[in-house]
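Read-outs: derived from the displayed coordinates by stated rules, not from any lab. Keep in mind it's a predicted model, so treat the numbers as computed, not measured. All Cβ positions, glycine included, derive from the backbone under ideal geometry; neighbour counts span all protein chains shown.
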Amino acid sequence: MINRIPKPIFLFASFVVLLALYWPSLNGMPVWDDLSYLFKYDVITKDFSYLTIWQDFSWPMSVSIQKILFSWWGQNYTYYHCFNLLVHFLNAYLLLRLSDFFKFSFSRILFLLFLLHPSNVISVSWMIQLKTLLCFLFAIISFLCLTRAQENKKWYFPSWLCFLLSLLSKSASLPLCVIFFFFSYKKEHKKELLWLIPFFLFSLFAGLRIMESHVTKRALGHLEATQIKPIAAETSSKIQEKVVVKVAVKDVIPVVKNVLPPKPAVVKKNKMILKLENIILTAHYYFWQTLMPLENQPVKGLNYSRPGLIEYFHLIFLTLMIAINWATVANLYLICGYIMMLPFLGIFPAPYMNLAWVSDQHLYLALPFFLCLWLTLLSKWQMKFSGLVPLIFLPLFAYQIRTSALYYQNEVSFYKASLEADALNVPIAYNLAVSYIQQGDINEALNVTNTMVHMADVVPEVRRNRYFSYIYFLDNDLQNMFNKKQK
């Protein structure tokens, strides 16, 4: 039924729905590292050489485009949100084109599920995540060119170029060369596979570049330092004065000189076991988030829990699925989905992955493969209206998008939602408290810091967190300020 709608009308209606669902976030303010890496980043805002960016930066493509956009739009945040939304729609359209090439049975449904999947909200509504959208854009153009290269070898050259640009936008497409090999293996003679060597060379180059780049190492240090919002290192009375007159805080991180209560003894755990547990938890989360995206808070944070019965049942489920669908295209989609997840599962050490190992933008490039898996399994049902079953998910997706888009309106809503996802996330709690202080809401700020300080008495991970000292002494200052008010 959905295939009977004329394509222009179908695409236009889809874009209108997308625009309506994302409307609450289109006027959103910068959140978290939007300021640190975009609107207050000297590389972006000042006369910094593009040549230096391309020589030294690991992701020069996305940085250059962000710099160009800033030169056009400055602090007009709505333009950045709209641009992200347009790139996401273009990505979904190109996915539709690719699925049509493969004669996929549910190509339009795949388009809608990807376009309206709630896990993509973070990539679209978080301005700094343009790099994820660009990475996907160049990657899928590279794939489309590769499909034409089967008939005309000249198409390999734009395919190589777009793949390289994808890697230089973000490293999430590193494993894509393996999927290109899967695609070409049965279609080409062995000698023809030599044309795929540049894809592997580019992946190796990009991987080494990001691991060895001094800019990456410096950025990691900067990222560590900017996990908490800067607040002036002043006395409680001066902070109170700032709250009353609602003056913006200065970009100075407080120097903590006091002595914290002793940390509880750290129970050492075998690193290999810890890594394996994280891999199991992460793989389970991303797989089921595709089908039932019920957790859409912006920052999931670290997971301190151990795999339980559900996670181990998931491993059994995957094993049975692979056995039942052996040598079928469904298994290929499952394998490809996890191949695209490799940079984010914790198997290999990677920059930027030491701070939050679960975040929905990591699912963006793997999502089409997991969606194809579910739709392929559905196609095996011998039911008259089986094609309508995926449409049942769209109302849930729409509701989740509308809810999630509200998180990106300002920093308070962003941090509150993130803290709901991970109540142990110390830097998020600190950022939320500072955001409340900037709004003049001392009571809410104190409630946040006090809750986290008391939680540290129960949960050792909170007290061991490197940022706990910030929230501990901020809580002291706020408590003293509150006591003075009471007097």
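Each other residue within a Cβ distance under 13 Å of TYR364 adds +1 if Lys or Arg and -1 if Asp or Glu, for a net charge of +1. Close amide H contacts of VAL358 (hydrogens built in the peptide plane, cut-off under 5 Å, sequence separation of 5 or more or a different chain): GLY301. Between LEU378 and GLU420, the C-beta separation translates, for a Förster distance of 41 Å, into a calculated FRET efficiency of about 0.80. Under 5 Å between amide hydrogens, built in the peptide plane, is the criterion, and for SER58 it picks out THR216 among residues at least 5 positions away or on other chains. Listed cross-link partners LYS103/LYS275; LYS46/LYS300; LYS46/LYS131 are compared with a 30 Å cut-off, the Cα-Cα value being larger for LYS103/LYS275; LYS46/LYS300.
Scattering from the stretch 2-218 was approximated by placing one identical point on each alpha carbon and applying the Debye formula without solvent; log10 I(q)/I(0) at 0.13, 0.14, 0.17 1/Å stands at -0.84, -0.95, -1.25.
Across the stretch 2-218, Cα pairs under 8 Å and at least six residues apart give a relative contact order of 22 percent. Computed 3J(HN,Hα) for the stretch 414-427, one whole-Hz value per residue from the Karplus formula 6.51 cos²θ - 1.76 cosθ + 1.60 where θ = phi - 60°, is 5, 6, 4, 5, 5, 5, 5, 6, 9, 5, 9, 7, 5, x, glycine and proline marked x.
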